[in-house]
Structure formats: structure tokens, C-alpha cells
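**Q** After the C-alpha cells below, expect a handful of questions from me.
The values are calculated or read from the model by the stated rules, or taken from the named source; none is laboratory data. Please read these numbers as outputs of a predicted model, since none were measured by experiment. Only protein heavy atoms, including side chains, enter the accessible area calculation; ligands, DNA and RNA are left aside. Shrake-Rupley method; radii C 1.70, N 1.55, O 1.52, S 1.80 Å.
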Amino acid sequence: MHQATPSYYHVAVEAAPERVGQIQRIVAAHTRYWGLERLTPSATRGLGLLLDLAVQGHPGSRIEVESWWNGQHLINAVSYEDPVGGASREFPQRCSAQIAALSDGWGSCAQDTRHIVWFSLRSRTEVREVLVPKLPVPDSSEALQLPRSAAPAAPPQPVLVDAAPAS
């Protein structure tokens, strides 16, 4: 049985046209590294659509891109600053139709002054991949403690030196 490790990638950049291709290449490298070569074209195409939308509508704002692999789905999200709200939060129908056509699911929501759009791509493997849990990284206080089964060492015993003068 194949086992997958949960993976996550996040980047934040300023909205600029040259960033679209850069982020697509970075996410493509991550999806290939995660063993998801078959999902790479759809993931980069979908991110390109969302990034173009964010760059055209909100140049100079801060864009965040996130990618998650959970063993069965690759989820990509783009969020951008949208201080106006209201009508500007409506997702263009042309873009939503394209995202819906290339993904297995998508959504859009507003959070404070940010607009978030996500889509998911399902891994079409015959066997469901089992996630291998990652062990939590101990904090510094835990890392310095002795194992519970080990008793602390006894303090060193003083060494007696004969201080008698030599004759």
C-alpha cells in the first residue's frame, strides 16, 4: 500500500503580472516533489486563472497562495486584499466556469478585508493513499528533558588527595 505524507506550501507576494508565472513554476515544482505529476497541469492552470484575476483587480495588493496535499486531494487557494468588499467580491462567471471545469470542487469566501478562492483536485489513483502522520517537533524545554526511565546521574564524589609533605 502506498503511503503519502501530508504536505503544505505557502507564499505571499505583491500582486504583479510577473509573479503569476513565477508562482505557477514554484507550485509545479512542489506538486512534482510530492509525487503529483498528473495534477500539476491542472493545478498550475487553476492558480494562473486565480492569480490573473487578483493581479488585474487589485494590483499592488498582497496575494497569498497556499497548497495542501492530504493524501487524496490537492487543494490550492489564493487570497488577496479586497478592502472594497460588496460587488468586488463577486467571482467572475467566466473564471468560475473555467475553475469548475478543471477541478473537482471549488469555493469562494470573504474574510475581513480578504477574498479567498480555492479549488481541489482529487488524486485519481486506484488505491486510496494512507497518510503517514508527522511526529510533532518538541519545543526546546521538551527536547532538553531526560527520558522518564533514565534516573539522573549521582553527583560526582570528591577525590581525596593526600596533602602530606614528602620527606
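**Q** Give the carbon-plus-sulfur fraction of the accessible surface of the range 1-72 in %, rounded to a whole number; probe 1.4 Å, heavy atoms of protein chains only.
**A** Within the range 1-72, the accessible surface is 50 percent carbon and sulfur.
**Q** Heavy atoms only, probe 1.4 angstrom, no DNA, RNA or ligands counted: give me Tyr8, Tyr33 ranked by accessible area, highest first.
**A** Values: Tyr8 115, Tyr33 190 Å².
Of Tyr8, Tyr33, the descending order of accessible area is Tyr33, Tyr8.
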